[in-house]
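Comments concern the structure below.
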Amino acid sequence: MEKKDAYKKTNDLSLNKANRVCRTKEKADGHQKNYVEKAVDYIHRHINEPLSLELIAKNTYISSFYLSHLFHQVKKTTVGEYINRKRIEVAIKMMKDHRLLVKEVAKQIGYADAGYFSKTFIKYLGINPKQYMRQIYKEPITTHSLSDNPL
């Protein structure tokens with residue numbers, strides 16, 4: 001009988017320890033997701049500004065190395081890829097809603113270089129921004145500048 005009791009106590013202790021480890025891991029996973037959620041929120045709020053891993057990490061109060069690691073672990077992509085994808089999504093919406101010059105779309109979503117924006121756009125959609133706009137409007141594109149003032 002003593003062997004059964006000793007076995008049961010050992011088994012109960014092992015289960016308790018395993019449960020504590022699981023709860024600790026769940027807490028850690030929650031903290032990790034929280035940091036990534038803060039980073040994603042920062043990216044969304046500042047998508048039209050210059051963004052870097054270092055700047056995002058600074059504003060989420062963790063190291064850039066740790067943010068990079070967590071972001072990839074949770075989102076299965078890099079911070080840079082995530083930013084580019086979100087910027088292209090915003091660009092697509094802008095192109096559907098407004099007829100703008102490619103360089104103006106690029107500038108409004110945080111790309112200083114319209115050429116780099118076009119290369120990134122091609123990477124994700126397989127066509128350049130002007131071709132995309134032609135497809136949307138199914139007509140030759142005549143864009144206007146935001147700085148054009150029809151007075």
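Specify which of the listed residues (Ile83, Ile62, Ile56, Ile43) is within 25 Å of Ile136 (Cα to Cα), in contact with a Leu (Cβ under 9 Å, 6 or more places away or on another chain) and of a type in the set (A, V, I, L, M, F, W, C).
When all the criteria are applied, what remains is Ile83.
Residue check: is Phe65 exposed (fewer than 15 other Cβ atoms within 10 Å of the Cβ), modelled with pLDDT of 95 or more and of a type in the set (A, V, I, L, M, F, W, C)?
Against the criterion (exposed (fewer than 15 other Cβ atoms within 10 Å of the Cβ), modelled with pLDDT of 95 or more and of a type in the set (A, V, I, L, M, F, W, C)), Phe65 qualifies.
For the range 20-58, enumerate the residues that are small (Gly, Ala, Ser) and either assigned by TED's automatic domain parsing to the domain that holds Tyr111 or at pLDDT below 95 (or both).
Listed by number, the residues that qualify are Ala28, Gly30.
Give me the pairs: first residue in the range 108-130 and not assigned by TED's automatic domain parsing to the domain that holds Ile47, second residue in a loop (DSSP other than H, G, I, E, B) and surrounded by 14 or more Cβ atoms within 10 Å (Cβ to Cβ), beta-carbon distance under 7 Å, and six or more apart or on different chains, which are they?
Correct list of pairs: Ile109/Ile47; Gly110/Ile47; Gly110/Leu51; Phe117/Tyr111; Ser118/Asn128; Phe121/Asn128; Ile122/Asn128; Lys130/Ile141.
The values are calculated or read from the model by the stated rules, or taken from the named source; none is laboratory data. Predicted, not measured: the structure shown is a model, and the values here were computed from it. Every residue, glycine among them, receives a Cβ derived from its backbone with ideal geometry; neighbour counts consider all protein chains shown.
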